[in-house]
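Encoded as structure tokens, the structure appears first; notes follow it.
The values are calculated or read from the model by the stated rules, or taken from the named source; none is laboratory data. Model, not experiment: these values are computed from the prediction. Quick reminder, even Gly has a Cβ in these numbers, built from the backbone with ideal geometry, and neighbours come from all protein chains shown. Ligands, DNA and RNA are excluded from the accessible area calculation, which covers all protein heavy atoms including side chains. Shrake-Rupley method; radii C 1.70, N 1.55, O 1.52, S 1.80 Å.
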Amino acid sequence: MKKIVILILHFVVIFTILIVIGCLPEEEETGRSDIFTGELERNVQIKVLENDIARELGYLDELLDAFNEEYAEYGIEAVDANLSENTNLVDDGPYGEGPDVLYQANDNLMKYVDGRHLLPLPITEIDEYEGIGENAWKAYERDGQIYGVPVNVQEPLLFYRKDLIPSNWETEWDDNQNGVPDMIESWPAMYKFSKMLAEDGDPDTFGYMKSYEQPYFSMGYLYSYGGYIFGDDNKDTSDIGISAENAYLGASVIRQQATLMDQRAVDGTITSIAYQQLAEGNFFATATTPDVTNMFITALEGEGLDPDQCLGVATLPKLPANGDLTDEDAELIDSISMGGVHGYAISAYTEYPNACLAFVNFATQYEILQLRNEMLGIVPARTELAEQLGGINKDVVEDLNNGNIRVMPSNSELTSVWKAVTTLFTDMAADAFREAGSSNPPKYDSLDKIKARVEQANKEVIDALTTLG
């Protein structure tokens, strides 16, 4: 026993000496590695993958031209990767065919972390890192490392024709006398307005129109009533909460909304035609993300309309606490949305990491994000820029900071969720068109039946994850 104590003491002494003389490694700073030396590679070309809209509307060309002019003295040239935004880095990266820098949503980027396809980043070398909010950075954090630099915040927003709001709205559509038309701030009021349009005798005019086959836009209904995907802030993939608390009320809201639409709500058609239909006045409102704002503007201009006079954008209306859209006196609760944070990441297969980091630094600076906002309508992740821009930009960033945006999970298990919830949402929408007494009667004409259907979806996710595991 005495020998053991002496041996332990020897180890303690040796360990103490090593600490004093600095021979033990210190904990590595987030993203710090020998790869990012700070010394720019010279006379190189880096391939940049942007989203399709940035390419179509000319933003990518503007960005590349500005960067290339800034870094011409180093011989660094950034070029369009000329790949689809759906390019898979796992397939292309190892063979040198993938991009060096990627711009995508956090869930798309973070799925590459498991296979070490992305480089952890030294975020303190990003000039503007302190201007980006904590919740935005969290979207790219894994095990203490950061793998992406946030650029813009996404959540579903309400796009509507403000010039089609009734002229008497101040007396007839502003019950709380707050200067905001009721249908813009309350889903029960939007339901009432949509019903009025459905009964106006014109079969081509609708109120709120949305396709439900995209779970990104539909999950928020479940979130708002207590549902979630994974537990512990999406870290515990063994805890599935699709049917948690009163999530079934969110599914009921979808079914109610669809009754005032047509079957395009089921098959996804509304998504592709919403810009033009809104411009033509056939749709009063729809919901989509802020990065496509210019698509509405272009469609309105094509109809000879002034977007400043016609296009309204707002955060989603409040929901009835009891889930009943016909109850105009219901207590209202905030709508909680599934959202995302788009950003830049660097491929682990790049030969020019320092040049890539320089590009990311350049592309996320204040003035460049201002340009991105002007050309694409995105909501910048930089808090002070969003506040300066004001309006919907400020509102969206506030939603992220106060928890009304649930950032899409960034773990690979998410792929096992989509099929079950997509089928759930389209099933709810389709039920609005099933007729009693027909060969295809309604399946979910009571809250109990809707609740059972949501619980079924929850079980399907669990089963899918079990099979995957």
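All but one of (1) free of Cβ contacts under 8 Å to residues at least 60 places away in the same chain; (2) open to solvent by 40 Å² or more (accessible area, probe 1.4 Å); (3) farther than 30 Å from GLN263 by Cβ hold for ASP200; which doesn't?
Just one mismatch for ASP200, condition (3).
Which of the residues spanning segment 409-447 are buried (at least 16 other Cβ atoms within 10 Å of the Cβ), among the acidic types (Asp, Glu) and closer than 25 Å to ARG264 by Cβ?
Across segment 409-447, the qualifying residues are ASP427, ASP431.
For LYS443, indicate whether it is over 28 Å from the mean Cα position of the chain (by Cα) and either under 15 Å from LEU249 (Cβ atoms) or of a type in the set (Lys, Arg) (or both).
It is true that LYS443 is over 28 Å from the mean Cα position of the chain (by Cα) and either under 15 Å from LEU249 (Cβ atoms) or of a type in the set (Lys, Arg) (or both).
Residues in segment 128-179 that are open to solvent by 50 Å² or more (accessible area, probe 1.4 Å), of a type in the set (A, V, I, L, M) and assigned to a loop (DSSP other than H, G, I, E, B): how many?
Total meeting the criteria: 0.
Restricting segment 188-197 to residues that are hydrophobic (A, V, I, L, M, F, W, C) and open to solvent by 10 Å² or more (accessible area, probe 1.4 Å), which is nearest to GLN257 (Cα to Cα)?
ALA189
Name the single residue, out of those in segment 363-390 being over 15 Å from ALA136 (Cα atoms) and outside any helix (DSSP H, G or I), that is nearest to the chain's Cα centre (by Cα).
Residue satisfying both the conditions and the ranking: GLY377.
Would you confirm, using the coordinates I've provided, whether GLY403 is at pLDDT below 95 and within 29 Å of PRO290 (Cα to Cα)?
Considered against the rule, which asks whether it is at pLDDT below 95 and within 29 Å of PRO290 (Cα to Cα), GLY403 comes out as yes.
Restricting to segment 72-122, name every residue that is out of contact with any Pro (no Cβ under 8 Å at 6 or more places or on another chain), closer than 20 Å to PHE36 by Cβ and part of a loop (DSSP other than H, G, I, E, B).
GLY75, GLY98, PRO99, ASP100, TYR112, VAL113, ARG116, HIS117, PRO120, LEU121, PRO122
Quick one: how many residues across segment 270-319 are without any contact (Cβ under 8 Å) to a residue 12 or more places away in the chain and in contact with a Leu (Cβ under 6 Å, 6 or more places away or on another chain)?
1
Are there any pairs, at least 6 apart or on different chains, whose C-beta atoms fall under 8 Å, with the first in segment 128-143 and more than 19 Å from GLU367 (Cα to Cα) and polar (S, T, N, Q) and the second open to solvent by less than 30 Å² (accessible area, probe 1.4 Å) and assigned to a helix (DSSP H, G or I), and if so, which?
Filtered contacts from segment 128-143: ASN135/LEU400.
Would you mind telling me which numbered condition in (1) at pLDDT below 90; (2) assigned to a loop (DSSP other than H, G, I, E, B); (3) open to solvent by less than 50 Å² (accessible area, probe 1.4 Å); (4) not polar (S, T, N, Q) PRO25 fails?
Only one criterion is unmet by PRO25, namely (3).
Considering only segment 203-216, state which residues are part of a helix (DSSP H, G or I) and surrounded by fewer than 22 Cβ atoms within 10 Å (Cβ to Cβ).
Result: TYR216, single match.
For the structure I just gave you, tell me whether ALA321 is under 16 Å from GLY377 (Cβ atoms) and open to solvent by less than 50 Å² (accessible area, probe 1.4 Å).
Spelling it out, it is not the case that ALA321 is under 16 Å from GLY377 (Cβ atoms) and open to solvent by less than 50 Å² (accessible area, probe 1.4 Å).
Do you know which of the residues in segment 83-97 that are open to solvent by 10 Å² or more (accessible area, probe 1.4 Å) and touching a residue at least 12 places away in the same chain (Cβ under 8 Å) is nearest to GLN145 (Cα to Cα)?
VAL90
Determine, yes or no, whether THR16 is modelled with pLDDT under 95, of a type in the set (Ser, Thr, Tyr) and more than 30 Å from ARG116 (Cα to Cα).
Taking the combined requirement at face value, the residue satisfies it.
Is there any pair linking a residue in segment 49-73 that is closer than 24 Å to VAL292 by Cα to one that is in a helix (DSSP H, G or I) and of a type in the set (Lys, Arg), with Cβ under 7 Å and at least six apart or on different chains, and which?
Qualifying pairs under 7 Å: TYR59/ARG372.
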